[in-house]
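Participant: I'd like to ask some things about the structure below.
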Ligand code: AMP
């Protein structure tokens with residue numbers, strides 16, 4: 001998963017992109033990058049591994065002049081964790097410098113890549129985004145817009161894109177609309193971002209959310225709608241609303257906070273926990289769900305777990321012998337809330353089950369009399385091929401175990417999952433959703449070997 005941003009017609013666009021990426025940091029913590037275009041359409045890229053705050057500082061941003069910029073925060077789903085795969089991907093084409101930031105995952109990238117390599121293309125990254133760059137560069141259409149369109153008609157899967165070609169910015173959402181992209185206005189300029197929380201941070205007002213298949217051109221802050229991509233059945237990623245997006249964002253026309261509260265309410269109706277004396281969330285993604293659960297069940301909402309917000313990705317255990325459970329670094333129970341009580345713990349989802357198992361042990365050690373786990377989404381039984389980083393099917397606990405077996409593994413007194421219908425009711429029925437990871441109904445063809453290809457070794461050498 002990734003966070004993307006584009007800026008047009010705003011001085012010091014790179015600084016604005018940097019701020020916006022800060023708000024999108026939850027969408028990708030592996031690498032960050034910005035490409036800025038100056039008034040002479042000279043492109044200056046800067047990319048690095050790590051968080052936005054680790055990659056950029058004042059002196060770096062000072063080297064990125066211009067009023068057009070494209071930014072990206074990456075969480076790898078295709079391609080390995082190396083600097084070469086950090087985005088935006090930037091190249092020189094016959095139409096000028098091109099920078100592309102991609103959120104999503106293509107399902108036919110490997111096939112297209114094999115074909116391109118056979119025809120002489122040379123790849124410098126193992127990410128699927130570079131496939132689109134080659135397709136754009138090789139297109140014989142006579143306008144940039146035609147080239148982009150021709151490239152996109154060949155790819156399958158999920159893509160929300162921000163592309164700069166010289167000083168012109170393009171924003172596109174694939175026809176199924178898997179990933180969000182929103183357009184905002186700031187003075188006489190425009191900002192396009194994965195989530196509205198990025199617009200809020202930079203002070204832009206929301207102009208509109210791009211619909212599935214939308215393709216727009218932004219020049220000097222002016223937006224022009226281009227002919228839309230060929231229509232396909234809409235399949236918005238429901239997991240954006242369940243887990244991925246920030247609750248202060250509006251995604252697919254829905255307040256994420258509103259959806260999460262409703263998920264909690266539905267959960268309380270479908271999977272009540274009458275023995276519960278207090279209810280609390282696994283912070284932060286399920287806070288609103290616990291609130292909704294409490295509202296409907298009448299069980300008192302408490303803060304039973306505290307999350308340490310300063311746990312970086314590169315936490316080093318101070319002594320090798322100190323075998324502190326990973327989960328303890330991140331969460332600590334509030335004893336007073338838990339001791340002697342029958343507690344209801346609300347979480348958004350269960351993936352491998354390891355975090356929840358450790359949390360349940362921790363809650364019991366803090367004196368809980370009974371632990372009732374409630375999950376505000378259905379069992380995850382299949383991997384995502386559209387941009388969310390999920391493990392292989394074998395690692396997903398619900399793909400190989402019954403609910404009863406999972407409950408035993410976790411060590412809970414009771415376990416309840418929200419149904420698919422309950423989840424979709426809460427998500428809002430106005431648009432079609434992709435729920436393949438829960439239902440196994442994949443909206444695009446999925447090549448047999450896709451997972452293996454996704455995790456396969458890159459076509460380029462990994463820097464030492
Ligand atoms: P586990 O079942 O131990 O693998 O972890 C479940 C927790 O991971 C849940 O509390 C979710 O909030 C969180 N989660 C769900 N999906 C993802 C994902 N794609 N990447 C990282 N964390 C996730």
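The values are calculated or read from the model by the stated rules, or taken from the named source; none is laboratory data. Just so it is clear, the model here is predicted, and its values are computed rather than measured. Note that each Cβ is placed from the backbone with ideal geometry, even for glycine, and that neighbours are counted across all protein chains shown.
Participant: Can you find, within the range 391-425, the residue that is nearest to the chain's Cα centre (by Cα) among those that are buried (at least 21 other Cβ atoms within 10 Å of the Cβ) and either assigned to a loop (DSSP other than H, G, I, E, B) or not assigned by TED's automatic domain parsing to the domain that holds residue 371 (or both)?
Facilitator: Going through the qualifying residues, I end up with 396.
Participant: Please state which one of 248, 284 is surrounded by fewer than 17 Cβ atoms within 10 Å (Cβ to Cβ) and within 16 Å of the ligand (Cβ to nearest atom).
Facilitator: After applying the criteria, what remains is 284.
Participant: While we're here: Just for helices (runs of 4 or more DSSP H) wholly inside the range 122-206: which have at least 3 residues that are in contact (Cβ under 8 Å) with a residue 60 or more places away in the chain?
Facilitator: 144-154, 196-202
Participant: Among the residues of the range 153-170, write down those that are out of contact with any helix residue (DSSP H, G or I) (no Cβ under 8 Å at 6 or more places or on another chain) and surrounded by fewer than 24 Cβ atoms within 10 Å (Cβ to Cβ).
Facilitator: Selection gives 153, 156, 166, 167.
Participant: Quick one: which helices (runs of 4 or more DSSP H) lie wholly within the range 1-89 and hold at least 2 residues that are surrounded by fewer than 17 Cβ atoms within 10 Å (Cβ to Cβ) and without any contact (Cβ under 8 Å) to a residue 12 or more places away in the chain?
Facilitator: By residue number, 58-62.
Participant: Please specify each residue of the range 222-277 satisfying the condition of being more than 26 Å from the chain's Cα centre (by Cα) and closer than 24 Å to residue 421 by Cβ.
Facilitator: 268, 269, 270, 271, 272, 273, 274, 276 - these are the residues of the range 222-277 that are more than 26 Å from the chain's Cα centre (by Cα) and closer than 24 Å to residue 421 by Cβ.
Participant: May I pose another question? Given the condition within 13 Å of the ligand (Cβ to nearest atom) and at pLDDT below 95, answer yes or no: does some residue in the range 259-272 qualify?
Facilitator: The answer is no, given that none of the residues of the range 259-272 is within 13 Å of the ligand (Cβ to nearest atom) and at pLDDT below 95.
Participant: Go through the range 287-300 residue by residue and tally those that are surrounded by fewer than 24 Cβ atoms within 10 Å (Cβ to Cβ), touching a residue at least 40 places away in the same chain (Cβ under 8 Å) and more than 20 Å from the chain's Cα centre (by Cα).
Facilitator: Residues in the range 287-300 being surrounded by fewer than 24 Cβ atoms within 10 Å (Cβ to Cβ), touching a residue at least 40 places away in the same chain (Cβ under 8 Å) and more than 20 Å from the chain's Cα centre (by Cα): 1 in total.
Participant: Quick one: in the range 391-400, which of the residues that are touching a helix residue (DSSP H, G or I) at 6+ places or on another chain (Cβ under 9 Å) and within 10 Å of the ligand (Cβ to nearest atom) is farthest from residue 442 (Cα to Cα)?
Facilitator: Looking at residues that are touching a helix residue (DSSP H, G or I) at 6+ places or on another chain (Cβ under 9 Å) and within 10 Å of the ligand (Cβ to nearest atom), I get 397.
Participant: Further question: Just to be sure before I move on: is residue 414 modelled with pLDDT of 95 or more and within 14 Å of the ligand (Cβ to nearest atom) in the structure I sent?
Facilitator: no
Participant: Ok, one more. What's the total number of residues in the range 347-376 that are near the ligand (Cβ under 9 Å from one of its atoms) and in a loop (DSSP other than H, G, I, E, B)?
Facilitator: The qualifying residues number 6.
Participant: Within the bounds of the range 183-205, is there any residue that is assigned by TED's automatic domain parsing to the domain that holds residue 101, surrounded by fewer than 24 Cβ atoms within 10 Å (Cβ to Cβ) and closer than 16 Å to residue 236 by Cα?
Facilitator: No, the range 183-205 contains no residue that is assigned by TED's automatic domain parsing to the domain that holds residue 101, surrounded by fewer than 24 Cβ atoms within 10 Å (Cβ to Cβ) and closer than 16 Å to residue 236 by Cα.
Participant: Being in contact with a strand residue (DSSP E or B) (Cβ under 6 Å, 6 or more places away or on another chain) and assigned to a loop (DSSP other than H, G, I, E, B) is the filter here; which residues of the range 215-227 pass it?
Facilitator: Correct list: 221, 226.
Participant: Checking residue 388 against (1) within 10 Å of the ligand (Cβ to nearest atom); (2) crowded, with 20+ Cβ neighbours inside 10 Å; (3) outside any loop (DSSP other than H, G, I, E, B), which single condition isn't satisfied?
Facilitator: (3)
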